[in-house]
Amino acid sequence: MITDEIGTLSDTVEEAAPVEACTKCTACNTVCPVARSTDIFRGPKFLGPESERYRSQAEAAVTAGLDLCSGCKLCEVTCPSQVTIQEYIRRAQNKGAEERGRTLRDWVLGHTRLLSRFGSMTAPLANFGNRNPLVRLAMEKVIGIHRKRPLPRYQWLTFERWFKRNRSLPLVGRAREGVSRRTVAYFYGCWVNYNERRLGEMVVHILERNGIDVIVPKQQCCGIPAVVNSNIDLARKYGAENVRRLSGLPANVDIIASSTSCGLMLKHDYSHLLEIPGAEPVGARTYDICEYLWMLYEAGELDIAFQPVETRLLYHAPCHLKSHGMGYPATRLLRLIPGVHLDEVDEGCCGISGTFGVKVEKYDLSMKIGSRLFEAVKAAGTDSVLADCETCRLQVEHGTGAKSAHPVEIVARAYGYR
Amino acid sequence: MKADIAVVGSGLAALVATRTLQQAGRNALLIWPGLSSLYFTYATVDVLGYSDLTTTQPVDQPEAGVAKLIEDHPEHPYALAGLDALRSGTALLTEWLRDAGFTWQGSLARNLLLPTAIGTPKPSCLVPASMAAGDLRRTEPIVFCGFHGYEDFVPELAAANLSRSWGGDDQSVRAIRVSLPGFEPGRLFTSIDIARSFEDVAFRREVAGRIRREAAVDGVRIGMPAVLGLTHDMEVYSSFAAEVGHPVFEIPTLPPSVLGLRLFDRLRKHIQESGVEMVWAAPAHAAELSDGQCRRILLKSAGREQPIDARAYVLALEDTVDGALRAGVHEVIDPFFHQALAHHAVPTDRTDESLFKPQPFASVGYRVSNRLQPIGDDGRPLAGNVFVAGGAIAGYDPVGSKSRGGLAIATGYRAAREAMAA
């Protein structure tokens, strides 16, 4: 009797949904920004759970079409059954790259930290090269980086060195003596370190203004460029290094990230996709900067003596921010500031997805994905477009000519930071 | 995170509840546990299609039908929500649809009778204007038009079925098929892909020409699968119908529902851009209770549990459609109170052997008080500030009675009102 057999089964629902949890509802394909923009992409349902049923460790990976997945994770956000669609795609892509060998571009884009370090050390030269048509043509031919894609400007003075010069006090000691209320460790990420130091300076200023001591532990690339460029082992190596360093922090020190995707790696992907031992407690005390400031506000600890900032802003929520599952804390925060007029735009993915839109064969697709957002931004005509994610900002600026900023820049201005 | 009133869900009930709160000047937080059930359902607003599950006689006047149902069944969710909630909620939704740029037709006074994809007549109350020309009370002959290689809509089947129940001297049904440029045999595609292609002017002009040549005669109307554009309900439809030269009507097909996608995406965007915050990707999985009140609910967010601390909560989960309720082997569990839900049964009792009979699993859900609070076995509310709306209410079959939309509206509106007063 079936019912007798049923009596012996357990009712436990698995934490992470296995591939069998996919009901083939096709919800993921309907929201996939890539599938929306090209009919050569079969979509997350087919490349993720459906193909997964036929993948075996012993057989060579079939990777056709996998590289068109930009890694935005909207499929996972959308899945009513919480299937880890992205993880299936990333693992299969990684296995294929291991079997066939990685391309020069995989290597270069996976090692963005190394590249940025070099770019920062040779900043004037690197910036000149990145804007020189001949150099860009050579880059397109040799590495496959599209010549039209503006590459970020490198800065000679890194955030790390700036911090050492300006904040060398033994802060953890101060926290212990009750001079400051909280201590946070800032995971600034490669972007702030090599490209936008000012953003890091503002984060430090805002936190210190609120009586919070900021420490900057030694850190490695979060690993996301390696994840999306078929190199999970490299990402795991980076991640493990970060987990080791961050695990050593005193228990009362929270970790703050100002980059949406770095934060998501620390919070979620280290313990899930990368299966790094000890990653869970690190993820549990990692906060996005705006999430953290909002938490302070709710606890009555945020200094809300804001100066008015007369400006009209448009907020674009990055895809990876949606994966945080925390709403849009930046919008709540900015509405506390007098003078700020904030509109929100909900046109989905901007198209760049980190290094995806940099690639020669993906550039046009990336601009097509972002076209709805670009139109909305142009129509809105606001002073600036806000996005928590740095590559979203690059893409919006490139696609519209509009100015863009991280939301904390407005908070810093409201605190009188110049 | 603190909130005034938290609405959990992404179906029509959640949207109506959120809009009700927004219009009343309250601060709603919409928590989205996965894609809207509207993607998987018919996405017309059906208020009452059949007065009970045994009759085949469709309801003509839905408002009167609901009034009678309330009189006869005081325990029915419609009775708990009240006829006023249905009226007010419908007015609110109708106005919202207009504000968000939709063109819909219908009213509580009278149902439309529209052919389904398999050619059966189906009563619906509010529908997109792109469906209205299919009303079977009109007499023009119908030509069902399908596409070669697309089997979610089989025009021959629809025509054969409909000609059995409908038709007369002037009423005839016929089937044609045209091929779609770019959709060659062997290509993997869904309705969504076709709908995207229809947004292209040259594509739809070409298809309209092919249909005009196939249909050949004057005075007919063309019934097509609902694939006429993905982002707007009328732009593609109007220009396409003009090119075809006959009245055209859309017929919803299998999931993913193009009509549901249009509806949800636009309403979600509209409510979000008008200032309602949404938390994406965060399934709720526990409620913390004390003194008969829900103090907070916990979401599964990246890295940790995210507490949502609201004054009141609207649980507008859908039923079996959107994955909100988890059916284990022995019971169906709700994600908040971890209680076995009413009308649960072992799997063998959850379904009827016949696919076409009413299914017991359809009525699984929370038992609720007359204020729509979830109640326990003793009949007392599990939490005084929690209100349930939509398909997660126990004891009715939204599919069989064709009342999913109306109940979502009535209970969504009522639950929001109760939450405001709590």
Search result, residues across region A:23-81 that are more than 25 Å from the chain's Cα centre (by Cα) and open to solvent by less than 20 Å² (accessible area, probe 1.4 Å): A:Thr26
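Where in region A:18-128 are there helices (runs of 4 or more DSSP H), lying fully within it, with 1 or more residues that are charged (D, E, K, R) and more than 14 Å from chain B (Cβ to nearest Cβ)? Full working, then the answer.
Details: elements: A:27-31, A:33-37, A:74-78, A:85-100, A:104-110, A:112-121.
Answer list for region A:18-128: A:85-100, A:104-110, A:112-121.
Determine whether region A:105-118 contains at least one residue that is farther than 18 Å from A:Asn229 by Cα, in contact (Cβ under 8 Å) with a residue 60 or more places away in the chain, among the hydrophobic types (A, V, I, L, M, F, W, C) and open to solvent by less than 70 Å² (accessible area, probe 1.4 Å).
At the first step, the residues of region A:105-118 found to be farther than 18 Å from A:Asn229 by Cα are A:117-118.
Remaining after also requiring in contact (Cβ under 8 Å) with a residue 60 or more places away in the chain: A:117.
Narrowing the set further to residues that are among the hydrophobic types (A, V, I, L, M, F, W, C) leaves none.
Looking through region A:105-118, none of the residues is farther than 18 Å from A:Asn229 by Cα, in contact (Cβ under 8 Å) with a residue 60 or more places away in the chain, among the hydrophobic types (A, V, I, L, M, F, W, C) and open to solvent by less than 70 Å² (accessible area, probe 1.4 Å).
Select from region B:210-224 the residues that are buried (at least 17 other Cβ atoms within 10 Å of the Cβ) and under 17 Å from B:Ala132 (Cα atoms) and list them in ascending order. Break it down into steps so the answer makes sense when it comes.
Just the residues of region B:210-224 that are buried (at least 17 other Cβ atoms within 10 Å of the Cβ), to begin with: B:210-211, B:215, B:220-224.
B:Val220, B:Arg221, B:Ile222, B:Gly223, B:Met224 - these are the residues of region B:210-224 that are buried (at least 17 other Cβ atoms within 10 Å of the Cβ) and under 17 Å from B:Ala132 (Cα atoms).
Only one of B:Leu162, B:Leu113 is open to solvent by less than 40 Å² (accessible area, probe 1.4 Å), touching a Pro at 6+ places or on another chain (Cβ under 8 Å) and either within 14 Å of chain A (Cβ to nearest Cβ) or not in a strand (DSSP E or B) (or both); which?
Values: B:Leu113 fails: either within 14 Å of chain A (Cβ to nearest Cβ) or not in a strand (DSSP E or B) (or both).
Exactly one of B:Leu162, B:Leu113 is open to solvent by less than 40 Å² (accessible area, probe 1.4 Å), touching a Pro at 6+ places or on another chain (Cβ under 8 Å) and either within 14 Å of chain A (Cβ to nearest Cβ) or not in a strand (DSSP E or B) (or both), namely B:Leu162.
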Criterion violated by A:Arg393 - all others in (1) under 17 Å from A:Cys290 (Cα atoms); (2) open to solvent by 10 Å² or more (accessible area, probe 1.4 Å); (3) within 13 Å of another protein chain (Cβ to nearest Cβ); (4) in a helix (DSSP H, G or I) satisfied: (3)
Residue list for region B:11-35, restricted to those being within 29 Å of B:Thr120 (Cβ to Cβ) and more than 9 Å from every other protein chain (Cβ to nearest Cβ): B:Gly11, B:Leu12, B:Ala13, B:Leu15, B:Val16
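Give the residues of region A:336-347 that are in a loop (DSSP other than H, G, I, E, B) and touching a His at 6+ places or on another chain (Cβ under 9 Å), sorted by residue number.
Passing the criteria: A:Asp346, A:Glu347.
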All positions within region A:129-144 that are over 19 Å from A:Arg393 (Cβ atoms) and outside any helix (DSSP H, G or I): A:Asn132, A:Ile143, A:Gly144
Some residue of region B:41-51 being out of contact with any strand residue (DSSP E or B) (no Cβ under 6 Å at 6 or more places or on another chain), within 14 Å of another protein chain (Cβ to nearest Cβ) and within 30 Å of B:Leu298 (Cβ to Cβ): yes
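Listed here are the residues, each with its yes/no results for (1) open to solvent by 30 Å² or more (accessible area, probe 1.4 Å); (2) polar (S, T, N, Q).
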| position | (1), (2) |
| --- | --- |
| B:Arg367 | yes, no |
| B:Gln373 | no, yes |
| B:Ala389 | no, no |
| B:Tyr396 | no, no |
| B:Ser401 | no, yes |
| B:Ala408 | no, no |
Where a residue in region B:359-387 is at positive phi and its partner, wherever it lies, is at pLDDT below 90 and in a loop (DSSP other than H, G, I, E, B), with Cβ under 8 Å and at least six apart: B:Gly365/B:Asp319; B:Gly365/B:Leu325; B:Gly365/B:Leu341; B:Gly365/B:His343; B:Gly365/B:Ala394; B:Gly365/B:Gly395
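From A:Leu264, A:Leu321, A:Leu249, grab the single residue that is in contact with a His (Cβ under 6 Å, 6 or more places away or on another chain) and hydrophobic (A, V, I, L, M, F, W, C).
Values: A:Leu321 fails: in contact with a His (Cβ under 6 Å, 6 or more places away or on another chain); A:Leu249 fails: in contact with a His (Cβ under 6 Å, 6 or more places away or on another chain).
Only one candidate qualifies: A:Leu264.
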Evaluation of B:Val244 against (1) in contact with a helix residue (DSSP H, G or I) (Cβ under 9 Å, 6 or more places away or on another chain); (2) within 14 Å of chain A (Cβ to nearest Cβ) (one fails), failing number: (2)
Residue within region B:306-323 that is modelled with pLDDT of 85 or more, at the interface with chain A (Cβ under 8 Å from one of its Cβ atoms) and within 18 Å of B:Met278 (Cα to Cα) present: yes
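Let me confirm something: among B:Thr139, B:Thr94, B:Thr103, which residue is β-branched (Val, Ile, Thr), open to solvent by 40 Å² or more (accessible area, probe 1.4 Å) and over 30 Å from B:Leu21 (Cα atoms)?
Numbers: B:Thr94 fails: over 30 Å from B:Leu21 (Cα atoms); B:Thr103 fails: over 30 Å from B:Leu21 (Cα atoms).
Result of the check over B:Thr139, B:Thr94, B:Thr103: B:Thr139.
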Index of the failed condition, A:Lys403 passing every other in (1) buried (at least 18 other Cβ atoms within 10 Å of the Cβ); (2) under 29 Å from A:His205 (Cα atoms): (1)
Residues satisfying the stated conditions in region B:262-298, i.e. at the interface with chain A (Cβ under 10 Å from one of its Cβ atoms), touching a Pro at 6+ places or on another chain (Cβ under 7 Å) and at pLDDT 90 or above: none
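The values are calculated or read from the model by the stated rules, or taken from the named source; none is laboratory data. What you see is a predicted model, and the numbers here were worked out from it, not measured in a lab. With ideal geometry, Cβ positions are generated from the backbone for all residues, glycine too; neighbour counts draw on all protein chains shown. Calculation scope for accessible area: heavy atoms of the full protein, side chains included, ligands and nucleic acids excluded. Shrake-Rupley method; radii C 1.70, N 1.55, O 1.52, S 1.80 Å.
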